[in-house]
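Let me begin by presenting the structure, written as C-alpha cells, before commenting on it.
None of the figures in this text is laboratory data; all of them are computed from the coordinates on show. Keep in mind that what you see is a predicted model, and the values were worked out from it rather than measured. Positions of Cβ are backbone-derived with ideal geometry, glycine not excepted, and every protein chain shown enters the neighbour counts.
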Amino acid sequence: MLTHSYWKWNIQEDHFVLGSSFWESLSERYPEHFPNADKAKSLFTNTDLDRVKELLHKALHRSDTPVFSASSNHQLTDPVRSFSLHWTGEVFGSSSASEYYAIGEVRSLSRGKESSLQMPNNPEFYQQLMDSLPDSVFFKDLESRFIAINKACADKFGLDDPSEAIGKTDFDFFNLSHAQQAFEDEQAIIKTGKPIIHKTEKEVYLNEDMRTTWTSTSKLPLYNSDGIIIGTYGVSTDITDQKRAQKQNERLRNQLVAVFDTDPNMLFVKDVKGKYVIVNKAKADFHNLPKTEIIGKTDFDLPDVSEEVAESFLKTDRYVIDQKESVFIPEDSEVDEFGNTTWNQTIKVPFQLAETGKMAALSIVMDITEQKERELELNKTLDIISQQNQRLTNFTHIVSHNLRNHAGSISMILELISLDDSEEERANNLKQLKVASDRLNETIQDLNEIIDQQYKDQKVERGVNLKEFTEKVLQVLTTEIYANEATFNIDIPDDLNFDYNPAYLESILHNLFSNAIKYRHPDRVPQVKVKAHRKDEHIHLIVKDNGLGIDLDKHGKQLFGMYKTFHENDNAKGIGLYITKNQIESMGGEIEVESTPGEGTTFNIRLN
C-alpha cells in the first residue's frame, strides 16, 4: 500500500518535483518492478509523469478555487499490477504573474478518505520545499499552535529560525483583534473541514516597530494518514503594497471625483460598451438625474438622448478606445428636456481604468453656448451690414444710372426745343419734356421711399404692373430709341401684377433695355423682343436683342462681374449687369443668359 507524499510543480517552467517518500513507497510496495527508489523514480518519470501533469492541468482549470484534486490509474507489467493515486493541491500565483506554481499531496486512492496536506514523513525535504516559497507557509495543531513554518513566515515574525515559532500562537505575534479572528477561523476549519480561501487580513503586530501588513490567506484542514483532522495549514501572500496602492487609488479617485464635481464642464468616462464609469455633477445636472442613475448605464438608457445620437457617441468612443487616439469636436449641440439648445465643444482622450486596467474614453465637454450665441449674433450683424452695403450699392447704381438717363433725356429735349423751327415741333418737345420730368419725379419718389423703408429695416415692396413699368422705362429711353431707330416688341399681359421693389424693377428693365441699344450691331437697327408670363407663382421675363452678342465661352464666368466690359464702347462702365443680377437675386430671383457673338443676346429672368 502506497503512503502519502508531497509534490511541487512550477507550471511556468514545467518543473515537477515529487517527495522522496513517493519513490521509496513505490520501491517497497512493488520491489519486483522497482528494485530501489532511484529505479522507481526513473521508470515513473519516463512513463507516467507527463500523463499526471496533463491530468492535474485539466483539474486545476476545472476548479472554481485554487484548490483542486484528481485521480490517476497506473499499470505495471511483468508481473501485471495496477494502482490508483489521488492528487490534491493548491495553485499559487497566476499564468500572468512572475510566479505560477502548485503544491500538494499524493496518496493511494484506497487509503482512507480524501485529505489535504499532512506533515511529511521526510521533514527535511518538506522544510526545504517550504523555504523555497516567497509566501508564508505554516502548520498548526488543534489548539492553533505552530508546529512548522517556513523561512518567509519566520522573517515576517522577526525570528532568526523557523523553529523558534514552534509551540507559539498568533497571540504571541499579533494584536488581540487579529489573533482572535485567526484562532476562530482555524477552529471553524477544524470543526467543519471547510477551508478558507484568499481571505484578506490586516496583520497588526505586538511589536510596534514592525509595520502593519495586509495578506491574502488561505487555510485548510490538516489530516493524518487515517484521514483525521489534526490541525490546519495555510499560505499567506503579502499584499501590503497592492492594498496601499488600492487605498491610494481610492483617495486619488475621490479627489478626482471632487475635482470633477467642481468643474463647470461636463466630465465623464465610458467603457468600450458605452457604459458610464465616472460622471461629474455638471453631467448629471445636464440630464437632470443623480449620478447614481447614470453610472452603469449607456446613452441609449438616458431619456433625453435619441438613439441616433447615442449611436454616434458610441461609435466615437469606441474609435478613441480602439485606436488610442484623441478626437476633437469643435462644436455640437444638444437639446435638453425643456427644449433649450446647448452648444458644446468636446475632446475625447484614451483613458485606462485603474481597477481593471482596461481602456476607456474620457470626455471633456465645454459649454460654448454663450460664445456660440455671440458668434451667431455677430454673423447676424455682419449679414445686416452686408445687406445694407448691398442696398447702398444698389441705391448708388440707381441714382447714377437712372437719374443720369433722366437728366440726359431732359438735356436732349431742351436742346431740341432750342432748335425747333415750328410751334408744332416746340409743343411736341415740350410735351416730351413734361413726360421726362414726371418720370424723373416718380424715380425720385421711389428713391425716397427706399431710403425711408431702409431706415425702418423693412423690405421695399409694393404692387407693380410689369407692362406699365416696361412702358415707363421705354418713355425714359425715348431719345435713345429714336436716335438709334430701335424697335421694342412688347408681349406682356395687361394684368401681370405682382409685389416687387419698384426701384429695383425700373433699374433692371432700364439696364436690360439700354444695353440692348448701347451694344447694338453696327450693320442693323436694334430690335428688342420683351416677353413675360406667370408660371409656378413666379414671373418669367425674357429680353432678346439682335445686337453684338457675347462670347460666353470666353467671358461667361465674368459676365456679371463688377467693372467687366466686353466691347469697345466708351460709355461702358461694367456696372449694369452686376447690379442687375444682384438686385434680382436679392429679391429671391435668378437671371440666365444665352448669346451668340454677332447675332444677339437673350436674358431669361425669374422674378420671385
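Data overview
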| quantity | calculated |
| --- | --- |
| Under 5 Å, built H, 5+ apart or other chain: amide partners of Asn150 | Val137 |
| Estimated FRET transfer efficiency when R0 is 51 angstrom, pair Phe183-Arg318 (beta carbons, to 0.05) | 0.45 |
| At q = 0.12, 0.16, 0.17 Å⁻¹, base-10 log of I(q)/I(0) for the stretch 176-295 (Debye sum, equal scatterers on each alpha carbon) | -0.70, -0.84, -0.88 |
| Per-peptide average of other Cβ atoms within 10 Å, ordering 271-278, 519-526 highest first | 271-278, 519-526 |
| Under 20 Å, Cα to Cα: Lys pairs in the stretch 239-298, sequence gap 8 or more or different chains | 14 |
| Segment Ser94-Asp209, length gained on full extension (0.36 nm per residue, minus Cα span) | 38.1 nm |
| Kirkwood hydrodynamic radius (C-alpha pairs) into Stokes-Einstein, the stretch 173-219, 37 °C and 0.692 mPa s, D in µm²/s | 288 |
| Rounded to the nearest 20 debye, dipole of the stretch 8-78 from Cβ charges on Lys, Arg, Asp, Glu | 180 |
| At q = 0.14, 0.16, 0.19 Å⁻¹, base-10 log of I(q)/I(0) for the stretch 471-538 (Debye sum, equal scatterers on each alpha carbon) | -0.48, -0.61, -0.82 |
| Sites matching GluC sites (Glu not before Pro) across the stretch 124-227 that sit in DSSP coil, with at most 10 neighbouring C-beta atoms within 10 Å | Glu208 |
| Cross-link reach list, lysines versus Lys529, counting only Cα pairs under 18 Å and skipping chain neighbours closer than eight places | Lys467, Lys472, Lys518, Lys544 |
| Loop GluC sites (Glu not before Pro), the stretch 1-30, which have at most 14 other Cβ atoms in a 10 Å radius of their Cβ (DSSP) | Glu13 |
| Residue-span extension gain [Lys297 to Arg534] - 0.36 nm each, minus C-alpha spacing | 79.3 nm |
| The stretch 208-248 - Rg over Rh from alpha carbon coordinates, Kirkwood radius | 1.25 |
| Amide H within-cut-off set for Val464, under 5 Å, with H built and near neighbours excluded | Phe498, Asp499, Tyr500 |
| Residue among Gln255, Val335, Gln345 farthest towards the positive dipole end of the stretch 236-357, charges placed on Cβ | Gln255 |
| Spin-label pair His15/Gln475, simplified geometry with 7 Å Cα→Cβ offset, distance in nm | 11.8 |
| Only Lys, Arg (+1) and Asp, Glu (-1) charged, at Cβ; the stretch 233-343 dipole about Cα centre in debye | 840 |
| Local net charge near Lys358, Cβ-Cβ under 11 Å (Lys/Arg +1, Asp/Glu -1) | -1 |
| Set of lysines with alpha-carbon distance to Lys191 below 17 Å, sequence-local pairs under 8 removed | Lys113, Lys140, Lys219 |
